[in-house]
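The values are calculated or read from the model by the stated rules, or taken from the named source; none is laboratory data. Computed from a prediction, not measured in an experiment: that's the story for all the values here. Reconstructed Cβ throughout: ideal geometry from the backbone, glycine too, with neighbour counts over all protein chains shown. The area values use the complete protein model at the heavy-atom level, side chains included, leaving out ligands, DNA and RNA. Shrake-Rupley method; radii C 1.70, N 1.55, O 1.52, S 1.80 Å.
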Amino acid sequence: MIVRPTTAQLLRDLRHELTEVVGPEVHTATARVALEQIDIILEQCAVRAESEIAWMVEEIDEIEGYASDVADATGDEATTAALIAGRRERSGSLELEALAADYNRMSEALSCAIEACMARAEQHELRARGIEILRLRRAERETVVRANWRLVGRG
Amino acid sequence: MHDLDAMPQRLADFLGRHRDDVESIEVLEYEPMTGGYSRSMARARVRYTSDGISLEETLVLRGDPPAGHSMIETERDHEWAVLKALTDLGVIPIPPARYYDRSGEHLGTKAIVMDHVTGGSLQSLIEEMTEYGDHPSRLARLWGEIHTITPEQLPREMERPESWDARIDGLIATWRSYERASVNSDPTWRYIAAWLEANKPPPLPLRLTHGDPQAPNVMIDHEGNYLVVDWEFAAIGDPREDLGWYNIYSTAAGPNLYEADPERFLAVYREATGFGEAEINQLTVGYFTVLSSIKILGTICTQLDKFAMGENSGAMTALQIGSISFGHENFINAIAGMQAAFDAMAAASTPGATS
């Protein structure tokens, strides 16, 4: 398997080709907007191709640890059930479809765990830890994936 | 609407059904417009001739995009009913709605025909400005004028919430229901719903809400008047839903005329509506910035789900993954800020607290 140039490099080269070669030949407003949107999406795909598998694996492990702590501290049934499902059905595969399914299942455990802490005032420390996972692991990485995102073609 | 070769004749025939006062109608130009994310838009130059005298005007068509290429699904029947009611009411400045192809049999898709506004949008104007002059106050007043319209003045077919609580609880439940239905599990949306439920603000009377108030949806005619367009999301709801949506949208695609001076903006808004400071303040706007976003993020989420399942496509839809993640980041930060303010207020009101 030829792994270099990487997928990200190929996608960024396509961006360059579209901007430098195709762009100047595009003259209608609607097509220019579409081209700009495609450029943004290609860059987002490049960022995801570089890191999304590693990020999902890392987050699954972190969420599992957090949900386990919440289940122990609260005895919350929904969290416990989601955690069991996440563990039992985890494929352990790095194939994207299977890993995305693993990630979704463990994300459900994170949702349940945060909800359990929101409903229990005394669990403010665990609640803060859950929100920090949302902020650091998800929101900040999503910001990296957004890359040069902007709402093109409005107004 | 999408067959550019056939449309001039189809449009001329359709207009002819509504204009028996002219001898002939000719569509001189027909071209797609950019700027509509959810609908297909086109501009047509039309010539009417009677007794050897010709008059020309430009019309705008607003219709459903081709199947499988929609970023957001909305109902044209609903939009037409709102536009007709507002045109007849004459309180809110809008480009008059003229005709509606209710079945799509004449124009190829359900489509509304309305007057063309010769100026640009408020968005394109303020993007070029460093000082916004009186635009923040004018915009605050405009949103306020919309929110003076009561449910009794609106078409009967518009959905009426049973109460303010029912409306707010419904919106909170919407965060959860979209998340539950999605191909993606989203702990941020679940956290948002739980926080919104625990921190409801004081109520306000239900009013007309635009649903997608933003500078690109405010056109400016050649006399400098504001005209509000794109009423497809109009509903009866809490007026602050609009303030919140304006705030989040303009943060994503600025400039944000609220953020420039929130207290001044809200003072003008309160004056236009008669609402009080307990209900209209930066914290309640913050709450609704989060709450009301689901109305559009939910539909975006549905379209992205369809994309994932092979039922939808297009760069415009794919681009909206950014809207969802932009919301995640901003809502988490906004809730953190509001929670800190609530905690500080609670601490200050605790007996024995020092100021």
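Per the listing B:Ile335, B:Ile300, B:Ile296, B:Ile321, the residue uniquely closer than 30 Å to B:Ser137 by Cα and at pLDDT 90 or above is B:Ile335.
Within segment B:116-143, the set of residues being β-branched (Val, Ile, Thr) and in contact (Cβ under 8 Å) with a residue 24 or more places away in the chain comprises B:Val117, B:Thr118, B:Ile126. Here B:Arg138, B:Arg190, B:Arg176 are screened, and the one residue that is modelled with pLDDT of 95 or more, open to solvent by 20 Å² or more (accessible area, probe 1.4 Å) and in contact with a strand residue (DSSP E or B) (Cβ under 9 Å, 6 or more places away or on another chain) is B:Arg138. When every residue of segment B:206-213 is checked against the conditions, at least one turns out to be touching a Gly at 6+ places or on another chain (Cβ under 9 Å) and in a loop (DSSP other than H, G, I, E, B). Taken over segment B:294-330, residues that are more than 14 Å from every other protein chain (Cβ to nearest Cβ), buried (at least 19 other Cβ atoms within 10 Å of the Cβ) and of a type in the set (Ser, Thr, Tyr) amount to 1. Comparison of B:Gly224, B:Gly244, B:Gly254 shows that the only residue that is under 14 Å from the mean Cα position of the chain (by Cα) and outside any strand (DSSP E or B) is B:Gly244. Of all residues in segment B:183-203, those that are within 17 Å of B:Cys301 (Cα to Cα) have Cβ atoms under 7 Å from Cβ atoms of residues that are hydroxyl-bearing (Ser, Thr, Tyr), 6 or more apart or on another chain, in B:Ser185/A:Ser107; B:Ser185/A:Ser111; B:Pro187/A:Ser107; B:Pro187/A:Ser111; B:Arg190/A:Ser111.
Conditions (1) of a type in the set (Val, Ile, Thr); (2) under 30 Å from A:Arg129 (Cα atoms); (3) away from every other protein chain (no Cβ under 14 Å); (4) in contact with a helix residue (DSSP H, G or I) (Cβ under 8 Å, 6 or more places away or on another chain), marked per residue:
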site	(1), (2), (3), (4)
A:Thr6	yes, no, yes, yes
A:Gln44	no, yes, no, yes
A:Arg48	no, yes, no, yes
A:Ala54	no, yes, yes, no
A:Ile63	yes, yes, no, yes
A:Glu95	no, yes, yes, no
A:Asp102	no, yes, no, yes
